[in-house]
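The values are calculated or read from the model by the stated rules, or taken from the named source; none is laboratory data. This one's a predicted model, so the numbers in the text were calculated from it and none came from an experiment. Counting neighbours? That spans all protein chains shown, and the Cβs are built from the backbone with ideal geometry, glycine included. Accessible surface is based on the protein model in full, side chains and every heavy atom, while ligands, DNA and RNA are left aside. Shrake-Rupley method; radii C 1.70, N 1.55, O 1.52, S 1.80 Å.
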Amino acid sequence: MRILIALTLALTATSGCAVLDRLKPATAATAATAAPDASEPVAAAPAPVLGAGGNTAAALDTTTAAQKQAALAAPAASGERELGKVTVSLGSPAEPGIWLRSALVTAPGKGRVVTASGQSVAVDLLPGQGAAQLSLAAYMALGLSLTALPEVTVFAN
């Protein structure tokens with residue numbers, strides 16, 4: 001019993017070491033590299049980083065500005081039908097294009113998604129199972145945060 005108590009106390013005491021390391025103030029060398037010189041121009045914040053490879057969202061988005069502009073400018077098609085509302089997450093950044101994959105879609109086709117704020121983008125509709133996914137290009141075209149889980153209304157042409 002004494003051994004169990006001693007072991008518990010030893011583990012409890014050493015588990016706080018990792019927390020204490022994070023509380024140490026930054027060294028002068030770290031502070032010098034972290035704070036930019038006032039005479040140097042300040043660069044814009046880097047694009048969000050995805051994955052362990054260090055690829056930025058902008059680097060993974062292979063759609064052109066013209067493709068995004070066309071998708072954003074596409075008017076509502078006459079005769080389009082509402083498939084429903086769905087909460088979307090970010091789809092695979094490795095899959096190019098502007099698309100939505102959802103269980104609401106039964107066959108591949110063209111359509112459009114509209115956010116709660118009224119932003120709209122034309123998408124390729126893809127059948128899916130489980131949670132709905134929206135492409136990286138669509139997220140970026142709509143100006144959505146890559147960690148957001150927005151609700152969108154899905155329309156099919």
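Below, the figures for the structure above:
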| read-out | value |
| --- | --- |
| Count of residues meeting criterion [hydrophobic (A, V, I, L, M, F, W, C), in contact (Cβ under 8 Å) with a residue 24 or more places away in the chain and open to solvent by 30 Å² or more (accessible area, probe 1.4 Å)] in segment 98-118 | 3 |
| Among the residues listed as A131, A156, the single one being surrounded by 15 or more Cβ atoms within 10 Å (Cβ to Cβ), over 18 Å from T64 (Cα atoms) and aliphatic (A, V, I, L, M) | A156 |
| Criterion violated by E95 - all others in (1) open to solvent by 60 Å² or more (accessible area, probe 1.4 Å); (2) touching a Leu at 6+ places or on another chain (Cβ under 9 Å); (3) assigned to a loop (DSSP other than H, G, I, E, B); (4) more than 18 Å from T63 (Cβ to Cβ) satisfied | (4) |
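Residue-by-condition table, conditions (1) at pLDDT below 95; (2) touching a strand residue (DSSP E or B) at 6+ places or on another chain (Cβ under 9 Å); (3) of a type in the set (F, W, Y):
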residue	(1), (2), (3)
A57	yes, yes, no
T64	yes, no, no
Q69	yes, no, no
A74	yes, yes, no
S78	yes, no, no
T87	no, yes, no
Q133	no, yes, no
